[in-house]
Amino acid sequence: MFEYLITEDIASLEPYPPGKPIEEVERELGITGVIKMASNENPLGPSPRALEAMTAALPQLNRYPDASGFQLKQALAEHLGLDMANIILGNGSDEIIELSVHAFLRPRQKVIISDPTFLYYSKVVQVASGRLMQVPLKNFQHDLTGIGKAVDEDTRLIFLDNPNNPSGSLTPANELKSFIADLPRTTVLALDEAYRDFARNAELIEPGELINGDQPVVFLRTFSKAYGLAGLRIGYGIGHAELIDYLDRVRQPFNINSLAQIGAIAALEDKEFYEKTRNVTWSGLDYVWSELDRLGLRYRRCQTNYFLIELDKPITEVVDYFLKKGIIVRSMEGYGLKRTIRLTIGSPEENERFIKTLQGILDL
Ligand SMILES: Cc1ncc(COP(=O)(O)O)c(C=O)c1O
């Protein structure tokens, strides 16, 4: 009835398909004890120090948050060895994606992303009436040569998730550096490092090496994964002070709630939890991979807390089977990867339950 109110871009938007919440699955199937291994969350819960700090801060919720996020930015600047002016806070790194589009993209200008990649980029670009160009991954890696060739004078943004979601692959630092060196200065590179913390024995680029050069690069980071604070919605961007200033102009005044500011500072100090998360993730990956090897299944090794498993069965059947057994896994059909699921590594008990259930499917 009201179609005349919206643009074609909005009419053809599809809602982002989030992983099903545990409560919804339990309600629908009438079961309990459901576990979620679908949304790349932290299986250990939130950082305990963050929880403690936020609990103590609850009585101040009648006040608006600090609109500048001073203390958190100060803590991050110290953590990164950069200035506060190099940092912008976001309501999840999702918001930094939005701010980048609001600040740098005008309608019909071009944005390049990989295919497949994190689904939210395309949605934000479509809302802003940008022109999206997708460059297929090559052997499950970002095709930097292909992306470089696709860049033209009208290309305002590139979103590159490194490591990539869903493949879990990390682009080597030297390849990324030469790719960046060849980009025109009219193209902003948003380097999304949501899963950086899970990379093992890998050379990683430090933002300080790049952000003060004349190529516009913004790094995106999050507290949702390694710090266990996905529900709190807190992420940040790192870049040249001038770029950060532009991003800051388009944000809501109170975009970061006060608990998120307090929780993130405490999480950053909680080195023990951070290290435990990484170790549990890495040992979980080693365990699941060795079991998949034993079962003779195909999968892709990763630098993340999730990875892809290929199964010789219709994927909806597989996902439904897991659901009925109380395990939520992510079908990759929407990403164009038929017969593939993405598994987020869980606690040791969850990983064992996943393997046992998988064996049940193979015996069908
Ligand atoms: C590649 C990538 N970037 C960004 C995000 C958004 O993270 P958040 O908004 O929770 O910080 C996600 C979430 O799953 C992701 O996979």
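The values are calculated or read from the model by the stated rules, or taken from the named source; none is laboratory data. Fair warning: this is a prediction, and the values are worked out from it, not measured in the lab. Cβ placement follows ideal geometry from the backbone for every residue including glycine, while neighbour counts extend to all protein chains displayed. For accessibility, only protein heavy atoms count, side chains too; no ligands or nucleic acids. Shrake-Rupley method; radii C 1.70, N 1.55, O 1.52, S 1.80 Å.
Things worth noting here:
- Model label zone, Glu8; criterion: amide N under 14 Å from point 7 Å along Cα-to-beta-carbon; scope segment 112-142: 129-132
- Near Ile327, the amide H atoms lying under 5 Å from its own belong to Ile35; only residues 5 or more places off or on other chains count, and H is placed 1.01 Å from N.
- Legend: translational diffusion of segment 48-269 by Stokes-Einstein, Rh = Kirkwood radius over C-alpha pairs, 10 °C, 1.306 mPa s; D = 89 µm²/s.
- The string of couplings for segment 3-12 from the Karplus curve (6.51, -1.76, 1.60, θ = phi - 60°) is 4, 5, 7, 10, 7, 4, 4, 6, 4, 9 Hz, one whole number per residue in order, with x for Gly and Pro.
- Across Lys73/Lys271; Lys138/Lys276; Lys36/Lys271, pairs whose alpha-carbon gap is larger than 29 Å: Lys138/Lys276
- Distance between modelled label sites at Thr186 and Glu317, nm, 7 Å Cα→Cβ extension: 5.3
- Percent carbon-and-sulfur accessible area, the chain, ignoring ligands, DNA and RNA, probe 1.4 Å: 50
- Label sites at Glu272 and Asp286, each approximated as a point 7 angstrom past Cα along Cα to Cβ, lie 2.3 nm apart.
- Contact order normalised by residue count of segment 182-286, Cα under 8 Å, 6+ apart, percent: 25
- Cβ-derived FRET efficiency at R0 30 Å, Glu209 paired with Leu297, nearest 0.05: 0.15
- Selection from Pro216, Ile315, Gly92 lying farthest towards where the dipole of the chain points positive, charges on Cβ: Ile315
- Where the chain is the region considered: accessible area per residue in Å², 1.4 Å probe: 47
- Computed magnitude of the charge dipole of segment 48-269 (debye, nearest 20; Cβ of K, R +1, Cβ of D, E -1): 580
- For segment 39-72 and segment 345-363, distance of Cα centres in Å: 33
- Gain in span if fully extended, Ala77 to Asp154, counting 0.36 nm per residue against the direct Cα distance: 24.4 nm
- Dividing the mean sequence gap of close Cα pairs (under 8 Å, 6+ apart) by how many residues the chain holds gives a relative contact order of 24 percent.
- Using the alpha carbons alone, the radius of gyration of segment 1-145 stands to its Kirkwood radius in an Rg to Rh ratio of 1.03.
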